[in-house]
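Okay, structure first, notes after.
The values are calculated or read from the model by the stated rules, or taken from the named source; none is laboratory data. Computed from a prediction, not measured in an experiment: that's the story for all the values here. Cβ sites come from the backbone with ideal geometry, for glycine too, and all protein chains shown count toward neighbours.
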Amino acid sequence: KKAQGVQCLANCMYWTMFLLSDGSKAVSGSMPKAFSGEALPQIYANLVLFAVIAVVQFLGWKSAGSPMPDTSKLVPSGALKTTLIANFVNLGFFGIGCKFFTATFIDMYIPGVVAGINKGSPDAMEAIYLIMSNAGMCMLMNIVSALMVLAAEPGNAD
């Protein structure tokens with residue numbers, strides 16, 4: 001039950017990050033052009049959905065007794081230790097690349113694609129950057145979520 005409660009807390013953090021990230025862009029008017037104008041009501045609907053999911057997850061965490069992960073046990077242990085650490089390192093590489101070095105990261109794998117799309121449709125490229133950046137945030141938050149759950153019940157592979 002403790003791991004489930006901590007997962008709810010991690011999910012609450014995850015959806016709150018999206019709410020803040022996309023919400024700040026929508027409110028400040030810095031959302032990509034492809035996601036503005038007629039698409040903006042859908043963005044606001046997504047923000048409401050993110051907020052509802054975050055609240056439901058928060059309530060789940062509270063109903064589980066507000067468990068917290070043991071922060072001194074954030075490094076995985078037990079039978080799956082090596083596999084988990086390798087997975088987190090690999091996912092971290094892609095998460096950091098997508099979130100913080102989006103254009104460079106995309107161009108590293110498909111050289112010239114960024115320039116080509118920018119030339120043909122700069123509005124589309126802005127949208128792709130946002131999507132890839134959010135994908136990177138998902139990857140990083142998945143690592144955080146997994147570490148939090150593992151630290152809730154250290155050494156328990158289940």
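Couple of notes before you dig in:
- Hey, Val48 loosely packed, with under 13 Cβ neighbours inside 10 Å, modelled with pLDDT of 95 or more and either among the acidic types (Asp, Glu) or part of a helix (DSSP H, G or I) (or both) or not: yes
- For the stretch 99-110, the condition of being within 21 Å of Ala10 (Cα to Cα) and out of contact with any Lys or Arg (no Cβ under 7 Å at 6 or more places or on another chain) holds for at least one residue.
- Just one of the listed residues (Val113, Val144) is among the β-branched types (Val, Ile, Thr) and within 24 Å of Cys8 (Cα to Cα), namely Val144.
- Residue count for the stretch 62-71, restricted to those that are surrounded by 14 or more Cβ atoms within 10 Å (Cβ to Cβ), touching a Gly at 6+ places or on another chain (Cβ under 9 Å) and either part of a helix (DSSP H, G or I) or acidic (Asp, Glu) (or both): 0.
- Condition check for Ala54: over 24 Å from Ile117 (Cβ atoms) and surrounded by 14 or more Cβ atoms within 10 Å (Cβ to Cβ): yes
- Candidate set from the stretch 5-33 (those that are assigned to a helix (DSSP H, G or I) and of a type in the set (Ser, Thr, Tyr)); member that is nearest to the chain's Cα centre (by Cα): Tyr14
- Helices (runs of 4 or more DSSP H) lying entirely in the stretch 72-146 (those with 1 or more residues that are of a type in the set (S, T, N, Q) and buried (at least 18 other Cβ atoms within 10 Å of the Cβ)): 102-109
- Only one entry of Gly120, Gly95 meets the criterion of being out of contact with any helix residue (DSSP H, G or I) (no Cβ under 9 Å at 6 or more places or on another chain) and not aliphatic (A, V, I, L, M), and that entry is Gly120.
- Taking residues in the stretch 30-49 that are in contact (Cβ under 8 Å) with a residue 40 or more places away in the chain, and partners anywhere that are not in a loop (DSSP other than H, G, I, E, B), the pairs with Cβ atoms closer than 6 Å and at least 6 places apart or on different chains are Met31/Lys25; Pro32/Glu126; Pro32/Ala127; Pro32/Leu130; Lys33/Asp123; Ala34/Asp123; Ala34/Ala127; Phe35/Ile43.
- Of the residues making up the stretch 22-33, those that are surrounded by fewer than 16 Cβ atoms within 10 Å (Cβ to Cβ) and not β-branched (Val, Ile, Thr) number 5.
- In the stretch 89-126, the residues that are over 14 Å from the mean Cα position of the chain (by Cα) and in contact (Cβ under 8 Å) with a residue 40 or more places away in the chain: Asp123, Ala124, Glu126
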